[in-house]
Amino acid sequence: MHFFGYKGKKFYAEGVSVERIAKEAGTPVFIYSHRTLARHFKAFESAFKKVPHLVCYSVKANSNTAVLKTFASMGGGFDIVSAGELFRVIRAGGDPSKTVFSGVGKRDEEIEYALKTGILMLNSESPQELRAIDRIAGRLKKKAGVAIRVNPDVDPLTHPYISTGLKENKFGVETEEAVREYVYAKEGLENLDLIGVDCHIGSQITELSPFTDALKKTRALIGVLRKEGIAVRYLNMGGGLGITYREENPPHPSAYGEEVLRQTRGLDVTLIFEPGRNIVGNAGVLATRVIYTKKGSRKNFIITDAAMNDLPRPSLYGSYHAIKPVVVSGPADVVADVVGPICESGDFLAKGRELPAVKPGDLLAIMSAGAYCFSMSSNYNSRPRPAEVMVKGSEFFVIRKRETMEDLVRGEVLPRRLFPGKGD
Ligand code: LLP
């Protein structure tokens, strides 16, 4: 449940009208609800309150430091996939000792940075990486907490681009190889502390069965490893629990929790989770202003000041995001494509959408924009990225300023010798 909705004809984020935010902060603008973030985080936490667990919010879903601080202050840990994300976690006051590091291509300097900050563990995704972690930990005279990410060959029944637990995916190592690697590492890689098993099968999963399959397989693996004398203490089930964008009916975190507890009963591990979308997805909207409307012979277009660079999911995955008028003017009476100003036909936010007739200057709210929207945004077409604001009760706060023209060229250099002038 989220705290966006109509009060009369006006659309609100908690106690603040989106119209007011758009007026004061400009558009396009991402709006996050603090109360929704906290509620979703707590719902996840409380699903596991009966057992030892750690909820490591997946930073990639929404990496704004104010969002991270919200979870850090609730005792949350973090799932990171780069040194940049670790930097953000630390900047936000997050605890490295509650942080896990995933990803198929961690570079030496990233591993070194992570070990120096004292993170809880690295999720190793290949034999070469396992050896790299050992080598770097040895050089730093540290013991690196490690889990091997296993690829359980489970179909998460989701979009192919966000399915990760199949044999054809690049992630993790296959179960048989994982056993060989754990045994090898126990004997030969003395700078590793083999404390966990890690498994993330994909994202926007809306059924329990893929999780059940993965849990059964990882449980069996832990049994095999313990027989080999490897003292597995953590089981990391990754993220992936889906949300409602349209009509999906994903399990509530409590139902997911019950299933996880059923499948792990008596296993004697601390459970780790890496939820991203489930916590932040429906805690954000993108407010955008209509620039023009246009009638073609085949289609109607609503051209907005938000585009695929701000919210790339529809262009990338054909994803559906609900769109609501910020001020209701009448019933839905137009079918239109909602598009941005970018020079690509792939630049759309919605296709064939029924909306009330809107006119230039009207505001629209693009729903479910808290996860994988700003964090995947770009400056394509040299468009400064939007501001982000956080609403709490009847107040709102800018948590990332709108980019300026100067921001667009920051870091770019025009070397004199490359462009000698007349006097040179
Ligand atoms: N852990 C790992 C290792 C991951 O790779 C991911 C997401 C998560 C946790 C968090 O998954 P979540 O709970 O958010 O499903 N850009 C795509 C989603 C990519 C997901 C990548 N990995 C989208 O917009 O749908």
Task: Acute angle (nearest 10 degrees) that the helix 175-188 long axis makes with the longest principal axis of the chain, alpha-carbon atoms - done: 60 degrees
TODO: Please sort 265-277, 132-144 by packing, taking for each peptide the average over its residues of neighbouring beta carbons within 10 angstrom, highest first.
DONE: 265-277, 132-144
Open item on the list: Relative contact order for the chain: what percent, with Cα pairs under 8 Å and sequence separation of 6 or more?
Closed with: 19 percent
Open item on the list: From the mean inverse distance of alpha carbon pairs (Kirkwood) and the Cα radius of gyration, derive Rg over Rh for region 180-294.
Closed with: 1.16
Task: Pairwise centroid distance, computed over Cα atoms, of region 95-128 with region 260-291, Å - done: 21 Å
TODO: State the extension gain, in nm to one decimal, for the chain segment bounded by residue 249 and residue 359, taking 0.36 nm per residue of separation less the distance between their alpha-carbons.
DONE: 36.2 nm
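Assigning unit charges at the beta carbon (Lys, Arg +1; Asp, Glu -1) and nothing else, what dipole magnitude in debye, to the nearest 20, does region 1-94 show about its Cα centre?
Here the size comes out at about 300 debye.
Tell me what the chain gives for mean residue ellipticity at 222 nm when only DSSP H runs of n ≥ 4 count, each as -39,500 (n - 2.57), the sum divided by the residue total, rounded to 500 deg cm²/dmol.
Rounded to the nearest 500, it is -8500 deg cm²/dmol.
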Open item on the list: Based on Cα coordinates alone, diagonalise the gyration tensor for region 152-229, multiply each eigenvalue by 5, take square roots, and list the semi-axes in whole Å, largest first.
Closed with: 26, 13, 9
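Taking N as the number of residues in region 103-273, what value does Rg over Cα atoms divided by 2.2 N^0.38 Å take?
Here the Cα radius of gyration is 1.04 times the empirical estimate.
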Task: Separation of alpha-carbon centers, region 293-351 and region 176-223, rounded to whole Å - done: 42 Å
Task: Sorted peptide list for 345-352, 35-42, 309-316, criterion being average Cβ within 10 angstrom, highest first - done: 309-316, 35-42, 345-352
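If you take every DSSP beta bridge fully contained in the chain, what fraction is antiparallel? Give it as a percent rounded to 5.
The answer is about 50 percent antiparallel.
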Task: Rounded Å value of the spacing that divides the Cα centres of region 24-50 and region 374-424 - done: 26 Å
Task: the chain - charge dipole about Cα centre, Lys and Arg +1 at Cβ, Asp and Glu -1, debye rounded to 20 - done: 1020 debye
Task: Virtual spin-label span in nm between residue 417 and residue 168, 7 Å along Cα→Cβ - done: 5.0 nm
- [ ] Please give the helix 34-46 orientation as an angle from the longest Cα principal axis of the chain, in degrees from 0 to 90, rounded to the nearest 10.
- [x] 30 degrees
- [ ] Find the all-direction average of the projected area of the Cα convex hull for the chain, expressing the result in square nanometres with one decimal place.
- [x] 24.8 nm²
Open item on the list: Could you tell me how many cubic angstrom of Cα convex hull volume region 65-182 has per residue?
Closed with: 116 Å³
Open item on the list: If you wrap a convex hull around the alpha carbons of region 211-362, what volume per residue comes out, as a whole number of Å³?
Closed with: 148 Å³
Task: Unsatisfied cross-links (Cα-Cα over 32 Å) in the set 69/186; 186/217; 142/170; 98/392 - done: 69/186
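A short reminder: the numbers here are calculations on the coordinates, not readings from a lab. From a predicted model like this one, the values you see are computed outputs, not experimental measurements. Using ideal geometry, Cβ is built from the backbone for each residue, glycine included, and neighbour counts are taken over all protein chains shown.
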